[in-house]
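Take a look at the structure below.
The values are calculated or read from the model by the stated rules, or taken from the named source; none is laboratory data. Note that the structure is a prediction, hence the values are computed from the model and not measured. Ideal geometry is used to build each Cβ from the backbone, glycine not excepted, and the neighbour counts take in all protein chains shown.
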Amino acid sequence: MRLPFPAAPKRPLLAASFAVLAASILAVTAYPPTPALAGAPATTKTVDWPVYGGSKTGDRYSPLTQITPANVKKLQVAWTYDTGETTGLQTHPLIVGRTLFAYTPSQKVVALDAATGKQLWSFDSGIRTGQPDRGFSFWTSVDGRSRILFAQTLYALWALNPDTGKPIETFGNKGCIDLRNNLGAESPAGTVAITTPGTVYKDLIIMGFRTGEAEPSPHGDIRAYDVHTGAMRWSFHTIPHPGEPGYETWPKDAWKYTGGANNWTGGVLDEKRGIFYAPTGSAVTDFYGADRIGDDLYANSLLALDANTGKLLWHFQAVHHDLWDRDFPAPPVLLTLKHDGKMVDAIAQTTKHGQIFVFDRVSGKPLFPIEEKPFPASTTPGEVASPTQPMSVAIEPYARQRLTADMLTQRTPEAHAWAVKEFGTFISDGQFVPLSVGRQTVIFPGFDGGAEWGGEAADPRTGVMYLNANDIAWTGGLTEVTAAGLGAATYGSQCAACHGADRKGQPPTFPSLIDAGRTLTPEQMTTVIHDGRGRMPSFSGLGGETLTALLAFVRTGKEPEGRAIGVTGPAQPLPVPDRSDKEELPPGSSSTTGPVAKFRFTGYRKFLDPDGYPAIAGPWGTFSAVDLNTGKYLWKVPLGQYPELAAKGMKDTGSENYGGPVLTASGLLFIGATNFDNKMRAFDAKSGRLLWEYTMDFAGNATPATYMVDGKQYVVIATSSARNPKAKQGARYVAFALP
């Protein structure tokens, strides 16, 4: 018997208060162009890249035209900057005047001469972390005399003098604020990591953050801070409190124990109207939601907030009661489109599952039809899946939606035979099929998308959007939680989702912890647990007996006997300045917990053949252009290669890719992104034709930036090979220019 879903079956696609919206729209004075930094030599012509994503609209578009389709083949390396470190680098650099701001993999901040790559200064917060850091924010006063560079290290937001790299001590506590604060006493403890920069609006910086994907995780509140003092000016509860709209879409007390629904991607801004748009992630835990039955607003939602007050203007939820980790993967983009014969200010949002949703950015009205489609009920005890999910029915998905037997790999007869046998054990019936106990369900496109965090580029002149996507299959399932010792229980709740119940992981994306136990000391493993690394969040609160038991289980698969190996005692606090609002910190461990989970995720599994290649037919990565005036695709091409397959004639396979494109007014698309071939590419925006490529030492798993200094246009990208551990490792910035 199918259980009734608690929310009303006929739900509106969006909720808006147009009267409030009209009253809240404010015009702001436009800032003058940001001058070159103090002491910089005069330039003949300087064009900045002063915002994450190129502009506050998120279009990754540059007006520069010096590099053209006709001369792009002449591009050569202009300079490089080696960080001297070897882990992942995903930074989208920020360029103001003659200065380029960048991170190292350990989140040191460096300022470089944008024309030469020479280091000008560096800043080390003292906080050790391996989390990705994707960009910066920059504030300039209306008169242009005051400037602040906002940088982040783990949970700390720093206000730096952009000329010197010194903290501005009037901001927060000696130059920084701690985003673990101000989440409310009810918020569970857990990871807070700022991987994407905030959005500057007037004298505010609006911040989201990354958190863990298992309990306990904190509430994903979106907050705005005063750029001068660091004082919090407003907060929006993405998990509504009692009496707030959306509270009725959760169980009564879920707001006390459930976390997530966080804006980890960053957002975009309609500066004239004062509207901030923020996509949110999933509520925890990602794959079993018996303790959060309901639609779970405002998880998996695109939010339009009054940037002055944080008041909700309208929202759209793309996934009700998410059971598939289908959080929004990237910020949206703002464009002006021709719709029904009129020009409409619009917002477009991509998804992990290949859908494009387009709305009137003021009212939230869909510009292309969206329908609630029926999907299967869950067969897992205690779970109640949403009976419907919204689907964009006029714009074709940019990634394949359902894996069938005729789509399996033909790379070799042996690989095909293996894939057919393995596929026969899966459930594969398209989107939004709830995970099952004891059998793997195909997620296609995979858990990483579809679209991913690199975002898309768009032409503000034409309304054409350009996006790269992954197009490979993953699988996932559920298993019953059984009684276990402290080490096994901690591993099951915090580690097994990525590294598997057997601790074998799925290298290279999810490393084997059996191998780690052989190569890392307990002290080294503790450092990774507390600091995080790559896609793994930090677990800084793990200490004492719990940490000891976890280390023993990870290393041996058994509970510790007697006095355990490894590190004992409480976790050491990370070196951040004393916080000024300690009374508002969440408790060290949540005092309120939801129902004990009966099932947990079996782990992320890519559907790879025995040789490590995707077990489905290609292309495995794509690059597309879609005209958002009509919803029609203009072109789609494979993106990426495996060098060893290309050498055998398989050149158009595509590959996994992370990091987005940038577009120039001359009609060029620059993109790195691809995991295995280490290439930087330039495509013709009109046709999708490849015009230029260059093989770098490391992969460009980041979004490039383009700028001009002294009349010369540069294209720069961060490179590293962390997603391909078989490759030579390093982390370097590479800038290209014409001779």
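Values for this structure:
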read-out: Any hit, segment 368-377, residues being more than 26 Å from residue 472 (Cα to Cα) and among the small types (Gly, Ala, Ser); value: no
read-out: From 691, 645, residue being more than 18 Å from residue 618 (Cβ to Cβ) and not in a loop (DSSP other than H, G, I, E, B); value: 691
read-out: Pairs, first over 16 Å from residue 106 (Cα atoms) in segment 721-739, second crowded, with 20+ Cβ neighbours inside 10 Å and at pLDDT below 95, C-beta under 7 Å, six or more apart; value: 727/721; 728/721
read-out: Single residue of 362, 358 found to be at pLDDT 95 or above, in a strand (DSSP E or B) and either among the aliphatic types (A, V, I, L, M) or surrounded by fewer than 22 Cβ atoms within 10 Å (Cβ to Cβ) (or both); value: 358
read-out: Only one of 702, 682, 727 that is closer than 27 Å to residue 66 by Cα, assigned to a loop (DSSP other than H, G, I, E, B) and among the hydrophobic types (A, V, I, L, M, F, W, C); value: 702
read-out: Check on residue 342, in contact with a Pro (Cβ under 7 Å, 6 or more places away or on another chain) and among the basic types (Lys, Arg); value: no
read-out: Test: residue in segment 448-460 that is farther than 28 Å from residue 629 by Cα, modelled with pLDDT of 95 or more and acidic (Asp, Glu); value: no
read-out: Any pair with Cβ under 6 angstrom, 6 or more apart, that starts in segment 195-215 at a residue that is crowded, with 24+ Cβ neighbours inside 10 Å and ends at one that is among the basic types (Lys, Arg) and assigned to a strand (DSSP E or B); value: 207/223
read-out: Count - residues of segment 46-91 that are closer than 30 Å to residue 279 by Cα and either modelled with pLDDT of 95 or more or in contact with a Leu (Cβ under 6 Å, 6 or more places away or on another chain) (or both); value: 21
read-out: Any hit, segment 119-141, residues being of a type in the set (Lys, Arg) and over 24 Å from the mean Cα position of the chain (by Cα); value: no
read-out: Residue, farthest from residue 633 (Cα to Cα), within segment 422-464, restricted to residues that are aliphatic (A, V, I, L, M) and crowded, with 24+ Cβ neighbours inside 10 Å; value: 435
read-out: Which numbered condition residue 158 fails, given (1) touching a Cys at 6+ places or on another chain (Cβ under 8 Å); (2) free of Cβ contacts under 8 Å to residues at least 12 places away in the same chain; (3) not small (Gly, Ala, Ser); value: (2)
read-out: Restricting segment 193-216 to residues that are outside any strand (DSSP E or B) and within 14 Å of residue 263 (Cβ to Cβ), the residue that is farthest from the chain's Cα centre (by Cα); value: 198
read-out: Residue check for residue 229: modelled with pLDDT of 95 or more, of a type in the set (S, T, N, Q) and out of contact with any Asp or Glu (no Cβ under 9 Å at 6 or more places or on another chain); value: yes
read-out: Hits in segment 363-378 (condition: among the aliphatic types (A, V, I, L, M) and under 26 Å from the mean Cα position of the chain (by Cα)); value: 367, 370
read-out: Output for segment 328-343, where each listed residue is assigned to a loop (DSSP other than H, G, I, E, B), closer than 23 Å to residue 365 by Cβ and not charged (D, E, K, R); value: 328, 330, 331, 332, 341
read-out: Yes/no for residue 340 being modelled with pLDDT under 95, acidic (Asp, Glu) and either surrounded by fewer than 23 Cβ atoms within 10 Å (Cβ to Cβ) or under 19 Å from the mean Cα position of the chain (by Cα) (or both); value: yes
read-out: Strands (runs of 3 or more DSSP E) (entirely within segment 122-191) containing at least 1 residues that are touching a Ser or Thr at 6+ places or on another chain (Cβ under 6 Å) and either of a type outside the set (A, V, I, L, M) or more than 25 Å from residue 454 (Cβ to Cβ) (or both); value: 137-140, 147-153
read-out: Options 164, 170; residue that is more than 28 Å from residue 530 (Cβ to Cβ) and out of contact with any strand residue (DSSP E or B) (no Cβ under 8 Å at 6 or more places or on another chain); value: 170
read-out: Subset of segment 399-414 (residues that are farther than 22 Å from residue 639 by Cα and either surrounded by 19 or more Cβ atoms within 10 Å (Cβ to Cβ) or among the hydroxyl-bearing types (Ser, Thr, Tyr) (or both)); value: 404
read-out: Filter result (in contact with a Gly (Cβ under 9 Å, 6 or more places away or on another chain) and hydroxyl-bearing (Ser, Thr, Tyr)) within segment 690-712; value: 703, 706
read-out: Which listed residue, of 636, 686, is in contact with a Phe, Trp or Tyr (Cβ under 9 Å, 6 or more places away or on another chain), within 24 Å of residue 405 (Cα to Cα) and basic (Lys, Arg); value: 636
read-out: Long-range neighbours under 7 Å by Cβ, at least six apart or interchain, first residue assigned to a strand (DSSP E or B) within segment 657-670, second acidic (Asp, Glu); value: 663/459
read-out: Subset of segment 260-298 that is among the aliphatic types (A, V, I, L, M) and in contact with a helix residue (DSSP H, G or I) (Cβ under 9 Å, 6 or more places away or on another chain) - its residue that is surrounded by the most Cβ atoms within 10 Å (Cβ to Cβ); value: 283
read-out: Members of segment 388-413 that are outside any loop (DSSP other than H, G, I, E, B), in contact (Cβ under 8 Å) with a residue 12 or more places away in the chain and over 21 Å from residue 468 (Cβ atoms); value: 388, 389, 390, 391, 405, 408
read-out: Count of segment 286-327 residues which are assigned to a loop (DSSP other than H, G, I, E, B) and not acidic (Asp, Glu); value: 21
read-out: Hey, residue 352 surrounded by 22 or more Cβ atoms within 10 Å (Cβ to Cβ) and either touching a residue at least 24 places away in the same chain (Cβ under 8 Å) or not in a helix (DSSP H, G or I) (or both) or not; value: yes
